[in-house]
Structures are given as structure tokens and as C-alpha cells.
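Undergrad: Sharing a structure with you now.
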Amino acid sequence: MAVNKWYPVYTNPRAEKKAYEALVSKGINVYLPLHRQLKQWSDRRKWVEEPLLKSYLFVNIAEQEQAEVLMTKGIARFLYFSGKPAVMPDKQIHELKLLMASPYELEVTEEDLQPGEKIIIRAGVLKGMTGEVVSRRSQKQLILRLESIGYSIIVNVAASLIERF
């Protein structure tokens with residue numbers, strides 16, 4: 001029996017939600033991290049659900065289902081690493097889901113953040129999660145590195161909730 005793995009897929013620009021719906025309608029297990037953001041127009045302001053990672057979805061499929069994913073409207077391609085489709089460890093998807101469920105304000109950056117001290121969160125919703133500390137604007141922030149897609153996620157966390165390991 002084939003084992004399902006999490007694969008990051010790249011969508012067409014601004015097509016994350018439609019591609020997500022198309023994959024769900026095909027019965028494919030897909031994850032689209034969304035976060036609430038306040039949008040400003042000239043005449044109004046409104047809270048909207050925006051993709052956390054622009055143009056990315058994560059599909060949990062067996063290797064032979066890749067063609068079906070690629071034939072889905074809105075999907076551009078799989079991400080490759082060393083000539084093979086990139087695979088996300090289950091632990092990273094689980095941690096991303098924990099982050100999305102947490103009350104912390106998230107910021108996504110494509111900067112190649114320099115590795116700092118390894119830390120673990122001692123309390124709160126993210127208890128047990130590990131990451132790296134970066135000092136920015138004199139705040140301590142937890143970074144969950146998603147190396148296989150080239151992004152880092154920065155979460156504001158009180159220094160009292162983290163410890164070295």
C-alpha cells in the first residue's frame with residue numbers, strides 16, 4: 001500500500017482558495033493555512049482570510065496521485081528539492097497547524113534569517129514547539145523554519161515562555 005506524504009505545491013497567482021476547493025472536490029487531503037488580515041480599501045475596511053504563504057498549498061497524497069494534483073485548475077507545479085518533489089515532514093505540517101490555531105500574531109518572511117539559539121516553548125498553546133530565536137525591534141521571536149519551501153515564520157512570543165535546549 002502506498003504511503004501518503006505531504007507535498008508543497010505551487011499555485012497560480014491568487015488561486016490558492018480555488019485550487020484548494022478543486023482539490024477537496026476531488027477527494028484529495030489538502031491544507032491551506034489561512035490567517036485573518038484587515039484590508040483597507042478607499043471606502044472601507046474589512047477582515048479577510050488570506051493565505052499565510054502566498055501561492056502555496058500542501059497536499060497529503062501517495063506518489064502516484066501527483067498527476068491528478070497537477071491536472072487540477074489553479075495548480076502550477078510541485079516544488080522540487082534535489083531533483084525530486086519536496087516532501088514536508090508530518091511534524092512540520094502539525095506544527096504549522098498549531099501555529100495557525102494559536103493566538104499569536106504571525107509574520108511570514110522570505111529573508112534567509114540567520115540561525116540563532118535553539119529554543120523550546122515552555123508554556124501556552126505552542127508548548128513543546130522548538131525553533132530559533134532572533135532579536136528584532138528588541139522583541140524575542142520564535143521562528144519555525146520551513147526549509148523545504150524556503151520560508152520562515154516569525155511568531156512574537158514572550159521571552160518568559162521560552163528556554164534554551
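Undergrad: (1) modelled with pLDDT of 95 or more; (2) crowded, with 16+ Cβ neighbours inside 10 Å: which one isn't true of residue 52, the others all being true?
TA: Among (1) modelled with pLDDT of 95 or more; (2) crowded, with 16+ Cβ neighbours inside 10 Å, residue 52 violates only (1).
Undergrad: Output the residues belonging to region 1-46 that are out of contact with any Lys or Arg (no Cβ under 9 Å at 6 or more places or on another chain) and assigned to a helix (DSSP H, G or I).
TA: Selection gives 17, 20, 21, 23, 24, 25.
Undergrad: Would you confirm, using the coordinates I've provided, whether residue 102 is among the small types (Gly, Ala, Ser), at pLDDT 75 or above and within 20 Å of the chain's Cα centre (by Cα)? Give the steps one after another, and end with the answer.
TA: On the way: among the small types (Gly, Ala, Ser): yes; at pLDDT 75 or above: yes; within 20 Å of the chain's Cα centre (by Cα): yes.
So residue 102 fits the description; yes.
Undergrad: Follow-up question, since we're still on this one. Under 7 Å between Cβ atoms, which residue pairs at least 6 apart in sequence (or on different chains) link something in region 33-62 that is closer than 13 Å to residue 96 by Cβ with a partner that is open to solvent by 50 Å² or more (accessible area, probe 1.4 Å) and among the hydroxyl-bearing types (Ser, Thr, Tyr)?
TA: Close Cβ pairs (under 7 Å, with a partner that is open to solvent by 50 Å² or more (accessible area, probe 1.4 Å) and among the hydroxyl-bearing types (Ser, Thr, Tyr)) amount to 56/10; 57/20.
So that you can scan it fast, the table gives a plain yes or no per residue for (1) surrounded by 12 or more Cβ atoms within 10 Å (Cβ to Cβ); (2) without any contact (Cβ under 8 Å) to a residue 12 or more places away in the chain; (3) out of contact with any Phe, Trp or Tyr (no Cβ under 7 Å at 6 or more places or on another chain); (4) under 19 Å from residue 130 (Cα atoms):
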| position | (1), (2), (3), (4) |
| --- | --- |
| 71 | no, yes, yes, no |
| 78 | yes, no, no, no |
| 82 | no, yes, yes, no |
| 91 | no, yes, yes, yes |
| 108 | yes, no, no, yes |
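Residue by residue, here is whether (1) under 30 Å from residue 126 (Cβ atoms); (2) among the basic types (Lys, Arg) holds:
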{"site": "8", "(1), (2)": "yes, no"}
{"site": "15", "(1), (2)": "no, no"}
{"site": "26", "(1), (2)": "no, yes"}
{"site": "74", "(1), (2)": "no, no"}
{"site": "78", "(1), (2)": "yes, no"}
{"site": "89", "(1), (2)": "yes, no"}
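Undergrad: Would you be able to tell me the number of residues in region 1-49 that are among the polar types (S, T, N, Q), open to solvent by 20 Å² or more (accessible area, probe 1.4 Å) and in contact with a Leu (Cβ under 9 Å, 6 or more places away or on another chain)? Working first, answer last.
TA: At the first step, the residues of region 1-49 found to be among the polar types (S, T, N, Q) are 4, 11-12, 25, 29, 37, 40, 42.
Among the residues that remain, those that are also open to solvent by 20 Å² or more (accessible area, probe 1.4 Å) are: 4, 12, 25, 29, 37, 40, 42.
Subsequent filtering for residues that are in contact with a Leu (Cβ under 9 Å, 6 or more places away or on another chain) retains 29.
So the answer is 1.
Undergrad: Are any of the residues in region 83-90 part of a loop (DSSP other than H, G, I, E, B), of a type outside the set (Phe, Trp, Tyr) and modelled with pLDDT under 90?
TA: Narrowing region 83-90 to residues part of a loop (DSSP other than H, G, I, E, B): 83, 86-87, 89.
Subsequent filtering for residues that are of a type outside the set (Phe, Trp, Tyr) retains 83, 86-87, 89.
Narrowing the set further to residues that are modelled with pLDDT under 90 leaves none.
Checked against the condition, which is being part of a loop (DSSP other than H, G, I, E, B), of a type outside the set (Phe, Trp, Tyr) and modelled with pLDDT under 90, region 83-90 yields no hits at all.
The values are calculated or read from the model by the stated rules, or taken from the named source; none is laboratory data. Given the structure is predicted, the values throughout are model-derived calculations rather than measurements. We place every Cβ from the backbone using ideal geometry, glycine too, and count neighbours over all the protein chains shown. Side chains are part of the model used for accessible areas, which takes the heavy atoms of the whole protein and leaves out ligands, DNA and RNA. Shrake-Rupley method; radii C 1.70, N 1.55, O 1.52, S 1.80 Å.
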